[in-house]
Amino acid sequence: MTKTSILCMTVAASALFANAALAETELTVYTSVEAEDLARYAETFNQDHPDIKINWVRDSTGVITAKLLAEKNNPQADVVWGLAATSLLVLKAEDMLAPYAPAGLDKLSANFKDSDTPPSWVGMDAWVAAICYNTVEGGKLGMTAPTSWMDLTKPEYAGHVVMPNPASSGTGFLDVSSWLQIFGEDKGWEYMDGLHANIAAYTHSGSKPCKMAAAGETVIGVSFAFRGAKSKAEGAPIDIIVPSEGVGWDMEATAIIAGTAEEEAAKTLLDWTITPKAMEMYNVGYAVVGIPGIAKPVEHFPEGITEAMIDNDFEWAANNRTKILEEWTKRYDTKSEPKG
Amino acid sequence: MSDTNLPSGPNVTLKLDRDGIIKRAFMAVIALYLIVALALPLYAMLSKSFVTYSFDLDRYEFQVSDDAGTFGPAQSAAAINEQLAVFSDGQLRTSSDGRLSATALFPDFSFRSSLKYRMRGTEEDAPYLVGLDLQNTTEWQEYDSNTFRRINLRPVKSVGVQNYFEYFSNPAMFSSIQNSVFIALVSTVLTVGAAFGFAYALNRSVMRFKGFFKLVAMMPILVPSLLPGIALIYLFGNQGMLKSVLMGHSIYGPIGIVIGSVFFTFPHAMLIISTALSIADQRQYEAAESLRASRWRTFWTVTIPGARYGLISAAFVTFTLVITDFGLPKVIGGQYNVLAIDIYKQVIGQQNFEMGAVVSVILLIPAVLAFIVDRQVQKKQVSLLSARSVPYQPKVNKQFDMLCLLWCGAMAMFIVGLILVCQYAALVQFWPYDLSLSLKNYDFNRTDGGGWAAYTNSIKLALMTAVFGTVIVFTGAYMVEKIDGLKAGRGVFQFLAMLPMAVPGMVLGLAYIFFFNDPANPLNAIYGTMTILVVSTVTHFYTVGHLTALTALKQIDGEFEPVASSLRQPFYRLFVRVTVPVCLPAILDISIYLFVNAMTTVSAVVFLYSTHTALASVAVLNMDDAGDIAPAAAMGMMIFYTNAGARLLHMLASRRILRKTQSWRGR
């Protein structure tokens, strides 16, 4: 009884998602690339490799990472294309990535690949922290625009700053880990104590603070430049500010999941993801890409942001993530009452 | 039992026996469904909450060289720690992602020194990281001091109650319990009060527009619970139309959660209280009147006691709905932490599945308590109506009727108002800077959340849930009600059928990850498919359908079965030819209930959907999360119109079918 019914259910279930057998190779690719870019990425890739079909599994960085970790003993993905490097480092520490040196590796900037040889992951493009400042609402309140991270602790901004919660957003963690690197650990926490006094809300997603600033729901949103440029293009009255101390950044990166049955196709895809053609494709939305000299300026993107990128120590950030989040939660998450 | 002692005779009850076997087989299949879809996942979750991670220092050995390169004696990490007391036991406890820097055990360590370090595991499983490379070996490995500083020990798994200790010693997490209970209590008092006034007006006054008010009161059921949150942001947010009304208080936080909770729990409470109030005996009121009791006194001594079980029931349902709801606090909770949000943060934000399981177990407690108390109260409920009762007939009382009309009008404004605001939000180009109207926000393919495909997926899920769910639920109820014998089995079955009511959707969703995503599970294949969404949704909403079916089945005389079997008719013929047609109204009710809930549910499916099975309700959540509030409102309204349409179809269909099949009821 038990066996047959389980069998029945399994058959019924597999019938639901079984596709007709195709002659081409299919790759299951996990990603957190923005939804609207996915079709374009696959299309451009298929121009060169029509025989490999990409089946996207897309979600936010946190969800995809949770999913990959949950499936650790039975990986469903062949390749991860477009996931935060900090997340890939977590996967690497779990021994889930298959090291591979894709063709053209030497053209990549040194900080856009894993330091091991062969590298476990290669970078595509960077997303960079920035401040979204609503000029209309700021003007109404008679504020001056901030120019540095330190400025955000000024009393005039009290209750008008929104930033992502590092415990649930990759961008939030990127901010916190960069402040700890810029200011040093003690000064960094001191800075966040000051900042916390001005924070109106910690959001769960990294793009929300900028969208809130764009809609005037808050004046200052700590977010990333790419998001700000998009909102500005949609007509939001915001300035995208690059803080003078330098900005934290993370990159979207690519890796092969250890144990994939489609190793050849996975390698082909990885080779392609760092070709100049792919870099040009990333450049549509991202101002900073893995191969130097390729990127053209992106509309509404703040100037000087590449120079402002700090020398981010990813290994340190990954290995101290739990500790940092614990400390952060202890300091700032206990606040149960919202600010009026 | 062996029958060798008896001469074998003709088996006269063969027909009946086979019937019994089929019945039992049916029951076993559905019981198996409940075990696989409910009991086992919950068990998997419970055991996950006891999985702990800690650094086991006994498993590592170190050797340090002197400047000349000769290595000293091997020392276990535990021994070093004992000597130097670097780490307390508390510091050795961690989560699955924990790391412990090895250099902390060597106070004199300098990465510039020329000393060399050796380390190895003393048993099989002794994981550590060199940089980010996972090592796990019992062979000695040698590192120079610059590499050694990059070495971190990794935790190993064990089983214990440590997670619970940690949970209760963390003030942030503990405050979530208080917040959750506080929100749930306040919302319950407000909702039950509002719903009582509304139901009282519907049943005890002769005000006009009762039909309209009944329809409006049910509207919140048709939208996801997080939609009122979006409307409240447009009304009272920092750029809200009515921001000044809040007098400087923020809508983000308890105020917003409570108002939104009143909105989405109102229909549930109203239905229950209305049912309780609709049963009243005219004679009691006449007695009160002849005893010259004031209206006030009559209200407290006759009306309230008569409706008290309904009130208690409504209170518990509201409490459970609010404390387990996840969408609303996510959208409008601001920094106000509640249990349901904690689960999401632990699992999605920090990938700490164990702690997520712990919070789930804790969230299960109030829900289960509320459920048990409610069951006890229900048992005490005695019939108010006897054969001699005279149904209560409200009399015209202009002043009172006006008051009722005002109250219902205010509630209707509240409900319709919030929904209209959402519709407006969905149409505005770029709030608040460009107020021109457009359909731009309906271009879901431009935003996260799955696009229009998510909408079609939701309809698919709702239809499949309605069809399969109704079949499973109704057959299950039939087996419980009409099968003879097997009392213990039926008791267990009844318990399993009532259990989903007490299990919050999120908890169920998380339990499904642990159970179905286990590669050792033969059902692993359904993970990430539409099937698992259908299974979880049917299970999540099982109880109400089950109770509806039971009520309908109880109306059918128990004599039908014996008569059918004496006529040598197999039970399934009776089932198809008599039972199902008679119960058709109830069956239709179950299917529309499942359909509507499958369209709006977020909590159970938020952990289970995959890219190909993204859902409209989850899309609302994700779009709001990404800051795309207007498209979120647009998608929410699509769900509303779909459900309203389905309801309308259901009304028309049931009217037709009722005319065809239920003419016997009219005699």
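For the range B:582-604, indicate whether the set of residues that are more than 27 Å from the chain's Cα centre (by Cα) and modelled with pLDDT under 85 is non-empty. Yes, because at least one residue in the range B:582-604 is more than 27 Å from the chain's Cα centre (by Cα) and modelled with pLDDT under 85.
Yes or no: A:Lys277 among the basic types (Lys, Arg) and touching a strand residue (DSSP E or B) at 6+ places or on another chain (Cβ under 9 Å)? Taking the combined requirement at face value, the residue does not satisfy it.
Only one of the listed residues (B:Ala426, B:Ala488, B:Ala454) is of a type in the set (Gly, Ala, Ser) and out of contact with any helix residue (DSSP H, G or I) (no Cβ under 6 Å at 6 or more places or on another chain). That residue is B:Ala488. The number of residues in the range B:151-183 being touching a Gly at 6+ places or on another chain (Cβ under 8 Å) and away from chain A (no Cβ under 11 Å) comes to 0. Looking across the range B:83-101, the residues that are over 23 Å from B:Leu115 (Cα atoms) and assigned to a helix (DSSP H, G or I) come down to B:Asp89, B:Gly90, B:Gln91, B:Leu92.
Screening A:Thr306 with (1) within 17 Å of the chain's Cα centre (by Cα); (2) within 14 Å of chain B (Cβ to nearest Cβ); (3) surrounded by fewer than 20 Cβ atoms within 10 Å (Cβ to Cβ); (4) not acidic (Asp, Glu) gives one miss only, at (2). Only one entry in B:Thr611, B:Thr539, B:Thr543, B:Thr579 is touching a Leu at 6+ places or on another chain (Cβ under 7 Å), polar (S, T, N, Q) and outside the structural domain of B:Leu328 (by TED's automatic domain parsing), namely B:Thr539.
Where helices (runs of 4 or more DSSP H) fall wholly inside the range B:455-565, the ranges with 3 or more residues that are crowded, with 18+ Cβ neighbours inside 10 Å and within 14 Å of chain A (Cβ to nearest Cβ) are B:505-516, B:530-540.
Each row is one residue, and each column tells you yes or no for (1) polar (S, T, N, Q); (2) in contact with a strand residue (DSSP E or B) (Cβ under 7 Å, 6 or more places away or on another chain); (3) more than 14 Å from chain A (Cβ to nearest Cβ).
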| position | (1), (2), (3) |
| --- | --- |
| B:Leu246 | no, no, no |
| B:Pro267 | no, no, yes |
| B:Thr275 | yes, no, yes |
| B:Ala288 | no, no, yes |
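Looking across the range B:399-449, the residues that are surrounded by fewer than 17 Cβ atoms within 10 Å (Cβ to Cβ), polar (S, T, N, Q) and within 14 Å of another protein chain (Cβ to nearest Cβ) come down to B:Gln429, B:Ser436, B:Ser438, B:Asn445. Taking the criterion of being exposed (fewer than 15 other Cβ atoms within 10 Å of the Cβ), among the acidic types (Asp, Glu) and either more than 44 Å from the chain's Cα centre (by Cα) or modelled with pLDDT of 90 or more (or both), the residues of the range B:47-103 that qualify are B:Asp58, B:Asp66, B:Asp67, B:Glu82.
The residue pairs whose first member lies in the range B:44-64 and is closer than 30 Å to B:Leu105 by Cβ, whose second member is of a type in the set (Phe, Trp, Tyr) and surrounded by 19 or more Cβ atoms within 10 Å (Cβ to Cβ), and whose beta carbons are closer than 6 Å, counting only pairs six or more residues apart or on different chains, are B:Val64/B:Tyr117. Taking the range B:228-241, which residues are in contact (Cβ under 8 Å) with a residue 24 or more places away in the chain and part of a helix (DSSP H, G or I)? Passing the criteria: B:Pro228, B:Gly229, B:Ile230, B:Ala231, B:Leu232, B:Ile233, B:Tyr234, B:Leu235. For the range B:104-129, the set of residues classified as more than 43 Å from the chain's Cα centre (by Cα) and among the aliphatic types (A, V, I, L, M) consists of B:Ala104, B:Leu105, B:Leu115, B:Met119, listed by residue number. Scanning the range B:367-383 turns up no residue that is farther than 21 Å from B:Thr191 by Cα and either touching a strand residue (DSSP E or B) at 6+ places or on another chain (Cβ under 7 Å) or surrounded by 22 or more Cβ atoms within 10 Å (Cβ to Cβ) (or both). Taking the condition out of contact with any Ser or Thr (no Cβ under 9 Å at 6 or more places or on another chain), basic (Lys, Arg) and at pLDDT 90 or above, does B:Arg647 pass? Yes, satisfied. In the range B:610-620, the qualifying residues are those that are assigned to a helix (DSSP H, G or I) and farther than 17 Å from B:Thr642 by Cβ, and the one that is farthest from the other protein chains (Cβ to nearest Cβ) is B:Thr613.
Of all the criteria given as (1) farther than 30 Å from B:Gly253 by Cα; (2) within 14 Å of chain B (Cβ to nearest Cβ), the one not satisfied by A:Ile291 is (2). Set side by side, the residues B:Arg297, B:Arg308, B:Arg283 differ, and just one is under 25 Å from B:Met411 (Cα atoms) and in a helix (DSSP H, G or I), which is B:Arg308.
If I filter the range A:178-198 for residues that are under 22 Å from B:Gly240 (Cα atoms), within 14 Å of another protein chain (Cβ to nearest Cβ) and either surrounded by fewer than 23 Cβ atoms within 10 Å (Cβ to Cβ) or modelled with pLDDT of 95 or more (or both), do I get at least one hit? The answer is yes, given that some residue of the range A:178-198 is under 22 Å from B:Gly240 (Cα atoms), within 14 Å of another protein chain (Cβ to nearest Cβ) and either surrounded by fewer than 23 Cβ atoms within 10 Å (Cβ to Cβ) or modelled with pLDDT of 95 or more (or both).
So, A:Asp114, is that one within 11 Å of chain B (Cβ to nearest Cβ) and acidic (Asp, Glu) or not? Against the criterion (within 11 Å of chain B (Cβ to nearest Cβ) and acidic (Asp, Glu)), A:Asp114 qualifies. Please specify each residue of the range A:46-79 satisfying the condition of being within 13 Å of the chain's Cα centre (by Cα), more than 8 Å from chain B (Cβ to nearest Cβ) and in contact (Cβ under 8 Å) with a residue 40 or more places away in the chain. If the condition is that a residue be within 13 Å of the chain's Cα centre (by Cα), more than 8 Å from chain B (Cβ to nearest Cβ) and in contact (Cβ under 8 Å) with a residue 40 or more places away in the chain, then A:Thr61 is the only one that fits.
With respect to the conditions (1) in the same structural domain as B:Gly505 (by TED's automatic domain parsing); (2) surrounded by fewer than 20 Cβ atoms within 10 Å (Cβ to Cβ); (3) touching an Asp or Glu at 6+ places or on another chain (Cβ under 8 Å); (4) not β-branched (Val, Ile, Thr), B:Ala44 falls short on a single one, namely (2).
Note on the range B:335-358: residues that are of a type in the set (Val, Ile, Thr) and under 18 Å from B:Phe319 (Cα atoms) total 2. Scanning the range A:133-147 for residues that are under 16 Å from A:Ala158 (Cα atoms) and outside any loop (DSSP other than H, G, I, E, B) yields a total of 6. The set of residues from the range B:585-609 being within 26 Å of A:Lys208 (Cα to Cα) and assigned to a helix (DSSP H, G or I) comprises B:Met599, B:Thr600. Looking at the range A:231-254, is at least one residue within 14 Å of chain B (Cβ to nearest Cβ), of a type outside the set (A, V, I, L, M, F, W, C), within 30 Å of B:Asp434 (Cβ to Cβ) and buried (at least 24 other Cβ atoms within 10 Å of the Cβ)? Yes, that holds for at least one residue. The set of residues in the range B:428-439 that are out of contact with any Gly (no Cβ under 8 Å at 6 or more places or on another chain) and touching a residue at least 60 places away in the same chain (Cβ under 8 Å) comprises B:Val428, B:Trp431.
The values are calculated or read from the model by the stated rules, or taken from the named source; none is laboratory data. As the structure is a computational prediction, the values presented were derived from the model and not from experiment. Note that each Cβ is placed from the backbone with ideal geometry, even for glycine, and that neighbours are counted across all protein chains shown.
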